Amino acid sequence: MNKKKEKTEHSLISNMLFFIKLMFKASPLLVIGEFVWGILANVPNSLIGVIGVKYIIDVMTSGERLNRIFWAIGVIALVIILSRLLSWLFREFMWNVEKEKCYYALNKTLYEKAKSLDLESYDNPEFYNSFILTIESSSDNIQTLLGLVRNYFGNAVSLITISGVLLTIDPLCLVIVLLPIAIFMPLSKVIGNLQTQRQIENTKYHRRSDYFQRIFYLQDYAKEVRMNNIHPLLIDRYNDAADDVIKNQDKYWTKISRLYCVQEIGVQIIGSMLALPLYLGYLVMVKKSVSAGDFVATFNGAYSIAMSVNFLTVWAIARFEERAKIIEKFRGFLKADHKIKDGEDVAVCGEPKTIELKNVSFTYPGNDKPTLKNINLIIHPKEKIALVGYNGAGKTTTLRTILELTNRTSGHIEFFGLDMQSHEQKIKNRIGVVLDDGYFYEELSLAEMKSIIAPAYTSWC
C-alpha cells in the first residue's frame with residue numbers, strides 16, 4: 001500500500017512548477033516581478049563585493065590615478081540606489097495588489113472544489129485533516145513560495161555570474177566551496193520531511209484546541225456552558241490539546257535544530273571559514289600568484305558562491321521539500337472526485353410525484369455497523385411524515401441521502417418517478433430544507449437570501 005502511495009506522489013520540481021503555474025495564471029505580473037526582484041536583490045551586491053572591491057584595491061595598490069576610486073564609488077552607489085528604487089517601486093505599487101489577486105484566485109479555486117465534494121468527504125478524518133491543512137496553508141504557501149522563488153532565482157543568477165568571475169582567478173576555490181555542500185546536502189531532504197510532518201501533526205492538534213476555543217466564544221454554546229457548569233472540564237480538555245501542540249513542537253524542533261547545526265558547521269565552518277582562507281593564504285604567501293585585489297575578490301566571490309550554493313542546495317531545498325509536501329496535499333485535494341454524479345438523462349419538469357426509497361443502506365467510512373439498513377419509504381406529494389428516533393438512529397442521514405449529500409451504500413432512490421442516478425438534474429435543488437441548526441448569513445440581504453432559497457420551495461418540477 002505504501003509503495004503504491006509513493007508512486008502516486010509528484011516530485012519536488014513537479015509540485016513547485018505546478019504551484020508556480022497556478023500563481024502565474026492568477027497574476028503573471030506577480031511571478032515575473034518576483035524573478036526581477038530576486039535579481040535586483042542579489043546580483044548587484046554580489047558583483048560590487050567582487051568586481052567593485054577588486055577594482056578599488058587594485059587602484060589603491062598601484063598608486064595611479066586615485067581619482068578613479070571616487071568614480072568607482074559613485075558608480076557603485078548609483079547601482080545600489082537604482083536596484084533598491086526599482087525593488088521599492090514594485091513592492092509598493094504592484095506587489096501588494098497582485099499578491100491579493102493571487103490569494104483570492106487560489107482560495108476561490110479551493111472553495112469551488114470544496115463545494116463540489118460529497119458531504120461524505122467531511123466525515124473522513126484523514127481527508128478532513130488534509131482539507132483543513134490545504135485551506136489554512138494556501139495563503140502561507142503563496143507568501144513563502146514567492147519569497148523562495150525570488151531568492152532562489154536571484155541566487156542562481158548571482159551564482160552563475162560570480163562563478164564566471166571567480167573561474168578567471170582560481171577555479172580550485174569553487175571545489176573547496178562546493179565539496180562540503182555536496183557532502184551535507186542529503187540532510188536537506190530529512191529536514192524537509194520533518195518540517196512537513198510537524199505541520200501535519202500540528203494541524204490535527206490545532207483542530208482539537210480550536211474546537212474548545214470556539215465553545216467559549218461562540219453564541220451557540222454560551223447557554224449550555226453557563227447552565228451545565230461544564231467549563232472546568234472543557235478548560236482541562238483545552239489544556240491537554242495545547243500541551244499536545246507544545247510537545248509536538250518540542251519533539252520536531254529539537255531534531256530540526258540539530259540537523260541545521262550539523263549543516264552549518266559542515267558547510268560554513270569547514271568550507272568557507274577554514275579550508276578556503278588556508279588556500280587563499282597559500283596563494284598569497286607561498287605562490288604569490290594573486291594580488292591584493294585578487295585575494296579580496298577571490299575570498300568575497302567564494303564566500304558569495306558559498307552563500308548562494310548553500311541557499312540553493314541546502315536551505316532552499318529543505319524549505320522546498322516542506323512546501324512540496326504541502327502542495328502534494330493541495331494537488332490531492334483538487335484531484336479528489338465526488339461519488340455522486342449526474343446521469344445522462346435530463347429530468348423534465350412536471351407535477352410533483354412520489355419520492356421512494358427502496359432498500360437504501362448506508363455505512364459511514366470507518367464504521368462496521370450500517371447507520372441505515374434496507375430502508376423502504378414512500379413520500380407522496382403534500383404528505384406529512386415524521387421520522388422519530390433516538391440520537392444516531394439515522395434520521396439526519398436519511399435526509400442527507402435524499403438530498404444527494406451522502407451517497408448510499410446500496411439500494412435505489414426514485415425522485416418524482418425518476419431514478420436519481422440516471423438523470424442529470426440535481427433534485428436536491430428542488431427541495432427546501434429547514435434544519436434545527438440553521439445559520440444566518442450576515443453578509444447577505446433578505447432579498448438575496450430569498451432569491452437563492454425561494455426557488456427550492458416553489459420549483460416542484
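The values are calculated or read from the model by the stated rules, or taken from the named source; none is laboratory data. Bear in mind the structure is a predicted one, so any value in this text is a computation, not a measurement. For neighbour counting, all protein chains shown are included, and Cβ atoms are generated from backbone atoms with ideal geometry for every residue, glycine included. Protein only, heavy atoms only, side chains kept; ligands, DNA and RNA dropped before computing areas. Shrake-Rupley method; radii C 1.70, N 1.55, O 1.52, S 1.80 Å.
Label sites at residue 143 and residue 229, each approximated as a point 7 angstrom past Cα along Cα to Cβ, lie 4.4 nm apart.
If the chain linking residue 110 and residue 60 were pulled fully straight, counting 0.36 nm for each residue of separation and taking away their Cα-Cα distance, it would gain 11.9 nm.
To the nearest 0.05, how large is the calculated FRET efficiency for residue 89 and residue 20 if R₀ is 30 Å and r is the Cβ-Cβ distance? Could the numbers behind the result be given before it?
Working: r = 23 Å, r/R0 = 0.77.
Efficiency at R0 = 30 Å is approximately 0.80.
Pairs from the list 108/189; 358/384; 204/395; 25/335; 204/251; 25/108 with a Cα-Cα gap above 21 Å: 108/189; 204/395.
Taking 253, 37, 71 and ordering them by how much accessible surface each has at a 1.4 Å probe, largest first, produces 71, 253, 37.
Taking the centroid of alpha carbons for each part, segment 294-335 and segment 174-221 are 17 Å apart. The figure for residue 32 is an accessible area of roughly 90 square angstrom, using a 1.4 Å probe on the protein chains alone.
For 240, 170, what's the largest-to-smallest order of accessible area, 1.4 Å probe? Mind showing how you got there, number by number?
Values: 240 70, 170 20 Å².
Reading off the accessible areas and sorting them downward yields 240, 170.
Each of 255, 369, 384 has its accessible area taken with a 1.4 Å probe; listed largest first, they run 384, 369, 255.
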